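Peer 1: Next up is a structure, given as structure tokens.
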Amino acid sequence: TPTMSLYTPFFHSSRGYGVFVQGTMTGVYDLAKTDPEAVTIDFELNQRTGGHAVVYFFGDYDAVLDQYTALTGRPFLPPRWAFRHLRWRDEHRIASPARLDGFDMNADLVDDVTMYENLGIPPGNYEFDRPWTSGSASAGHEGFASFDFDPVRFPNAAEMLQALRNRGYHVFVFGAPWAVGDNAVEATADGYYVPRSDLLIDFTNPGAVAWWTERVQSLIDLGISGMKLDRSEFDISELPIVPDQPSDVFADGRNGREMINGYTLDYARVHYDAFADRMGTDFVHYLRAGYAGSQQYGIFWGGDTPGRGAFGILPPTDLGLRSAIQSLAHVAFLGFPIWGTDTGGYYQFGQRDVFARWLEFSAFCPFMEIGGGNQGGGQHAPWDMPTDPHDDPAMIDIYRRYVTLHHELIPLLYSLATEAHGSGRPLARPLVFDFPDDPAVGDLWDEFLLGRDLLFAPLWRDGDRSRDVYLPAGTWIDYWQPSRQLNGPTTITAEAPIDRIPLYVRAGGILPLS
């Protein structure tokens with residue numbers, strides 16, 4: 001149960017090479033499906049420019065990523081504070097306000113802040129998802145009409161943001177490349193939309209970019225430290241969002257065939273430039289969609305991976321967590337070294353184990369974010385569980401333990417991110433990166449090294465309380481029982497009660513913690 005998010009015409013071979021098709025035209029890699037003896041690459045030629053290029057890289061996985069990111073853009077280096085966990089809700093509901101610091105504020109926001117304080121959960125970063133803005137819009141487009149907080153949903157917004165900052169939070173807001181409601185008036189008058197759309201801004205139009213940049217920078221004046229940048233995929237639910245025909249000509253002359261993949265790059269670049277112009281390097285955006293080169297503009301999350309099927313309506317599933325674990329392996333090869341996932345799934349989870357195991361997994365993802373959709377009342381909070389008990393002391397302990405552990409890992413994460421900024425080396429990586437000659441790890445998709453010395457092996461099946469863990473060559477120390485040392489290569493059965501992820505430190509390694 002994956003979700004469309006990152007896509008790039010780039011792949012690694014275990015035979016010591018990588019292949020990248022330059023440009024933004026669409027195409028297909030046939031990885032020995034039609035012919036078992038051949039990898040076939042079939043991409044559309046750019047009829048406008050006549051340009052077409054395939055680049056081959058040679059070396060191990062690290063060498064291929066180094067060459068690839070040198071060509072397409074070195075990964076973004078977030079500020080140190082960006083590695084703290086991020087708490088968010090898909091919707092802060094309109095309801096009777098609650099008091100915080102002497103002011104009436106949104107009750108859901110107050111619930112998050114006060115429960116964190118009462119339960120001893122360390123503050124991190126906080127995001128306001130849509131619909132957070134003022135202004136009216138048609139159904140399905142709420143939250144895209146302005147760049148101001150809705151005073152009904154968020155009374156005393158300035159005091160609310162100050163209350164978060166006083167507690168150490170950095171604040172994010174949701175964004176999308178859509179202009180509706182109040183934003184649509186000027187966009188329509190000045191022709192700022194892409195062809196055949198009354199929704200998407202044309203970021204190849206300098207006038208549109210200047211107009212949009214001014215609005216985006218107004219968020220900085222509110223004290224916003226970054227944006228959650230959504231909705232720039234070429235396709236959502238099989239509907240072509242970005243115009244995709246040769247006759248769809250954008251302001252800079254590119255057409256829809258080029259912009260299917262190119263649009264998300266321009267979207268990321270414009271928002272990066274808007275914040276970098278005012279904030280230098282003290283900001284971070286996180287994006288759902290990305291293409292080759294997007295890694296230089298922000299970090300990424302995995303989109304609407306489910307904890308329950310069919311928009312939160314169907315029964316619960318643990319396959320969303322399985323998909324998230326696989327995705328962490330995929331992005332390591334794709335050149336997106338800082339990535340995370342909606343902990344618990346975007347839709348309200350229905351299995352207690354899934355939330356616990358997802359918290360444990362997310363603690364070791366470079367980007368840890370916890371929140372979810374409002375379908376089914378999904379607050380993703382251990383004090384407001386959809387399972388029994390509703391106020392869950394054991395789950396509160398798990399939530400607090402793994403948020404705290406993630407924060408303790410920030411010195412390691414920031415050090416690895418600095419390395420990734422210069423080389424493309426992923427922070428969390430499948431074991432085959434570091435043990436390429438070990439045949440036991442060639443297809444091992446659910447064990448990772450965070451850096452060189454911390455091995456974690458997440459669980460995903462509902463009800464599991466143990467799993468097989470392969471330990472490669474070397475001596476490994478059980479993080480939870482430091483007196484227990486294991487010599488690899490070996491496969492062990494690791495006990496994993498609901499509050500514990502199998503976790504091992506390489507003997508003699510360095511593990512900087514705060």
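The values are calculated or read from the model by the stated rules, or taken from the named source; none is laboratory data. On a predicted model such as this, the values are computed, not experimentally measured, just so you know. Note that we place each Cβ from the backbone using ideal geometry, even for glycine, and neighbour counts take in every protein chain shown. For the accessible areas, the whole protein counts, side chains as well, though only heavy atoms, and no ligand, DNA or RNA atoms are used. Shrake-Rupley method; radii C 1.70, N 1.55, O 1.52, S 1.80 Å.
Condition check ((1) of a type in the set (D, E, K, R); (2) modelled with pLDDT of 95 or more; (3) in a helix (DSSP H, G or I)) across all residues:
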site	(1), (2), (3)
224	no, yes, no
231	yes, no, no
245	no, no, no
252	yes, yes, no
260	no, no, yes
267	no, yes, yes
272	no, yes, yes
275	no, yes, yes
283	no, yes, no
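Conditions (1) touching a strand residue (DSSP E or B) at 6+ places or on another chain (Cβ under 7 Å); (2) touching a residue at least 12 places away in the same chain (Cβ under 8 Å); (3) open to solvent by 20 Å² or more (accessible area, probe 1.4 Å), marked per residue:
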site	(1), (2), (3)
64	yes, yes, no
68	yes, yes, no
74	no, yes, yes
83	no, yes, no
93	no, yes, yes
104	no, yes, yes
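Peer 1: Something else now. So, residue 191, is that one at pLDDT 95 or above, touching a strand residue (DSSP E or B) at 6+ places or on another chain (Cβ under 6 Å) and closer than 30 Å to residue 24 by Cβ or not?
Peer 2: no
Peer 1: A further question follows. Could you please let me know if residue 306 is open to solvent by 10 Å² or more (accessible area, probe 1.4 Å) and free of Cβ contacts under 8 Å to residues at least 60 places away in the same chain?
Peer 2: In short, no.
Peer 1: Turning to a different aspect of this structure: Do we find a residue being part of a loop (DSSP other than H, G, I, E, B) and under 30 Å from residue 307 (Cβ atoms) anywhere in the range 6-22?
Peer 2: Within the range 6-22 (the criterion being part of a loop (DSSP other than H, G, I, E, B) and under 30 Å from residue 307 (Cβ atoms)), the answer is yes, since at least one residue qualifies.
Peer 1: Does the range 324-333 include one or more residues that are over 22 Å from residue 357 (Cα atoms), free of Cβ contacts under 8 Å to residues at least 60 places away in the same chain and buried (at least 19 other Cβ atoms within 10 Å of the Cβ)?
Peer 2: Looking through the range 324-333, none of the residues is over 22 Å from residue 357 (Cα atoms), free of Cβ contacts under 8 Å to residues at least 60 places away in the same chain and buried (at least 19 other Cβ atoms within 10 Å of the Cβ).
Peer 1: When you check residue 131 against the structure, is it in a loop (DSSP other than H, G, I, E, B), open to solvent by 10 Å² or more (accessible area, probe 1.4 Å), out of contact with any Gly (no Cβ under 8 Å at 6 or more places or on another chain) and closer than 25 Å to residue 286 by Cβ, yes or no? Walk me through how you get there before you give the answer.
Peer 2: On the way: in a loop (DSSP other than H, G, I, E, B): yes; open to solvent by 10 Å² or more (accessible area, probe 1.4 Å): yes; out of contact with any Gly (no Cβ under 8 Å at 6 or more places or on another chain): no; closer than 25 Å to residue 286 by Cβ: yes.
For residue 131, the condition - in a loop (DSSP other than H, G, I, E, B), open to solvent by 10 Å² or more (accessible area, probe 1.4 Å), out of contact with any Gly (no Cβ under 8 Å at 6 or more places or on another chain) and closer than 25 Å to residue 286 by Cβ - is not met.
Peer 1: Among the residues of the range 339-349, is there at least one that is modelled with pLDDT under 95, in contact with an Asp or Glu (Cβ under 6 Å, 6 or more places away or on another chain), buried (at least 24 other Cβ atoms within 10 Å of the Cβ) and over 30 Å from residue 53 (Cβ atoms)?
Peer 2: Among the residues of the range 339-349, at least one is modelled with pLDDT under 95, in contact with an Asp or Glu (Cβ under 6 Å, 6 or more places away or on another chain), buried (at least 24 other Cβ atoms within 10 Å of the Cβ) and over 30 Å from residue 53 (Cβ atoms), which makes the answer yes.
Peer 1: Can you name every residue in the range 106-117 that is closer than 20 Å to residue 406 by Cα and either open to solvent by 10 Å² or more (accessible area, probe 1.4 Å) or without any contact (Cβ under 8 Å) to a residue 40 or more places away in the chain (or both)?
Peer 2: If the condition is that a residue be closer than 20 Å to residue 406 by Cα and either open to solvent by 10 Å² or more (accessible area, probe 1.4 Å) or without any contact (Cβ under 8 Å) to a residue 40 or more places away in the chain (or both), then 115, 116, 117 are the ones that fit.
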